[in-house]
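Step one of this worksheet: look at the structure below.
Derivation of every value follows stated rules applied to the coordinates shown; laboratory data play no part. Worth saying up front: this structure is predicted, and the values here are computed from it rather than measured. Every residue, glycine as well, gets a Cβ built from its backbone with ideal geometry; the counts of neighbours run over all protein chains shown.
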């Protein structure tokens with residue numbers, strides 16, 4: 001009943017995560033009514049570019065349009081520290097805090113036997129190769145604070161243990177700005193375990 | 001920090017209503033990771049088509065890619081009844097109930113002095129012209145049950161009153177499946193006023 005191109009666009013939007021029929025219709029209408037031809041061309045082009053140009057950096061697994069990603073190419077970064085994350089998004093989140101100047105390694109997921117994801121499905125072999133080929137002092141494991149994230153951290157610490165490399169895990173605790181009252185038991189427990197002297 | 005095409009796509013998504021940075025990133029990642037090249041090409045093409053091909057039907061104001069919309073071209077529909085709605089979406093909603101077989105007229109909004117929208121900003125003159133040029137028995141006003149929707153309905157009934165045409169308003173009342181307990185006072189009042197004999 002909708003004109004075909006609008007219907008097609010709605011169907012495309014419905015494929016996105018968390019987007020149902022109504023939201024897809026809303027997006028499609030908005031584009032039909034408010035986007036300029038310029039807006040639409042830009043979006044259309046970047047859609048194709050994302051698919052055609054972007055690939056994983058062969059060294060670290062982050063996304064790039066070049067042969068290697070910006071982080072791996074940046075020789076001013078500390079080449080002796082590698083921070084391991086689950087997803088490319090985590091790299092961006094870490095960069096926002098502005099304090100980390102080492103390299104990254106993106107696993108592309110976590111070990112999750114229930115979902116059939118073992119170490120071989122992740123970007124782990126390339127990490128081991130990297131550690132064997134280059135001098136690295138420290139691997140910081142920044143997988144998330146979930147059962148799978150923990151299992152992955154443990155697995156990494158085990159396979160790295162034969163190498164003379166320090167493996168650390170980022171800290172758990174109360175998020176800044178939150179109070180005990182609204183924190184779950186596990187977070188409070190971890191915050192207690194991770195307590196540090198202040199005097 | 002993201003590759004340029006991914007960053008561009010995120011910016012495009014952020015322009016959509018209700019889409020913030022996080023959601024835009026989620027959509028863009030999903031496209032990079034899960035969409036096939038085929039999916040992306042379809043989406044890209046329909047984006048451009050929506051902007052380039054779709055326009056308002058000159059008769060009723062619904063969206064179309066042809067000279068006139070499917071409803072206006074369909075001679076099997078009852079040509080003597082016109083149902084007036086605010087937006088193209090409302091036409092689709094009405095069609096879903098499957099009981100209305102007349103024509104439509106899309107106002108493209110409601111009278112809303114606060115937002116500077118008067119009758120001249122809406123698709124009203126073309127409705128009057130339609131009613132003068134063709135034999136129409138009934139105009140069903142299906143604008144929404146809001147202050148603006150009501151004002152628009154009243155305005156329409158006034159300007160149509162000189163013509164020998166019946167003007168009706170769709171019914172208000174409790175939505176099917178809801179209970180008195182969870183309905184607002186105005187809806188309950190309208191439901192009471194609109195009561196019908198059952199025996």
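Going by neighbour counts of Cβ atoms within 10 Å, the residues A:2, B:29, B:104 line up, fewest first, as B:29, A:2, B:104.
Each 5 Å bin from zero up to the one holding the largest Cα-Cα distance in segment A:1-87 carries the following percent of pairs: 3, 12, 14, 16, 13, 10, 11, 10, 7, 4, 1, 0, 0. Can you grab the distance from the C-alpha centre of segment A:145-196 to the C-alpha centre of segment B:3-70, Å, no decimals? A separation of 41 Å, based on Cα centres.
Quote the Stokes-Einstein diffusion coefficient, in whole µm² s⁻¹, for segment A:39-125, based on the Kirkwood radius over alpha carbon pairs, a temperature of 10 °C and a viscosity of 1.306 mPa s.
Here the translational diffusion coefficient equals 110 µm²/s.
What is the projected area of the convex hull of the Cα atoms of chain A, averaged over all directions, in nm²?
Approximately 17.0 nm², given one-decimal rounding.
Extension gain for residue A:168 to residue A:144 (0.36 nm times residue separation, less C-alpha to C-alpha distance): 7.3 nm. Sorting the Cα pairs of segment A:63-169 by distance into bins of 10 Å, from 0 upward, gives 14, 50, 32, 4, 0 percent per bin. Modelled spin-label separation between residue B:159 and residue A:133, with each label point placed 7 Å from Cα along the Cα-to-Cβ direction: 7.2 nm. For the rotation carrying B onto A, the chain B residue whose Cβ lies nearest the axis, with the distance in whole Å, reads B:44, 2. Each copy carries a label point for residue B:30 at 7 Å from Cα along the beta-carbon vector; from one copy to the others these points are 1.4 nm apart, nearest first. Using a Förster distance of 35 Å, how high is the FRET efficiency between residue B:95 and residue B:37, based on the Cβ-Cβ distance and rounded to 0.05? My answer for the efficiency is 0.55.
Report for segment A:39-126 the percent antiparallel among DSSP-assigned beta bridges with both residues inside it, nearest 5.
Values: 3 of 8 bridges.
The antiparallel proportion sits near 40 percent.
Can you work out the FRET efficiency for the pair residue A:7 and residue A:67, with r the C-beta to C-beta distance and R0 = 56 Å, to the nearest 0.05?
Calculated transfer efficiency: 0.90.
Between helix B:4-14 and chain B there is an angle of about 20 degrees, using the helix long axis and the longest principal axis of the Cα atoms. Taking Cα atoms only, the orientation of helix A:147-160 departs from the longest principal axis of chain A by about 50 degrees. Between B:28, B:153, B:171, the residue with the greatest mean-square fluctuation in the GNM of chain B (Cα pairs under 10 Å linked by springs) is B:28.
Counting only alpha carbon atoms, the long axis of helix B:21-34 and the longest principal axis of chain B meet at about 70°. Taking every DSSP beta bridge that has both ends in the protein assembly as shown, the antiparallel portion is near 20%. Note on A:81, A:59, B:64, B:36: ascending count of other Cβ atoms within 10 Å places them as B:36, A:81, A:59, B:64, the fewest first.
For segment B:4-53, the percent of C-alpha pairs falling in each 5 Å distance bin, counted from 0 to the bin holding the largest distance, reads 4, 21, 23, 28, 19, 4, 0. Inter-copy label distances at residue A:176, shortest first and taken from points set 7 Å along Cα to Cβ: 5.4 nm.
With label points defined 7 Å past Cα in the direction of Cβ, position residue B:157 shows copy-to-copy spacings of 7.4 nm, given to one decimal and shortest first. Judged by the gyration tensor of its Cα atoms, with axes a ≥ b ≥ c, segment A:135-199 is prolate; a/c meets the 1.5 cut and a/b is the larger of a/b and b/c. In plain terms, the residue of A:72, B:69 with the fewest other Cβ atoms within 10 Å comes first and the most crowded comes last, giving A:72, B:69. Projected label points at residue B:75 and residue B:188, each 7 Å from Cα along the beta carbon direction, are separated by 5.3 nanometres. In terms of Cα atoms, the Rg and Dmax of the protein assembly as shown work out to 29.3, 93 Å. In chain B, the DSSP beta bridges split such that about 20 percent are antiparallel, to the nearest 5.
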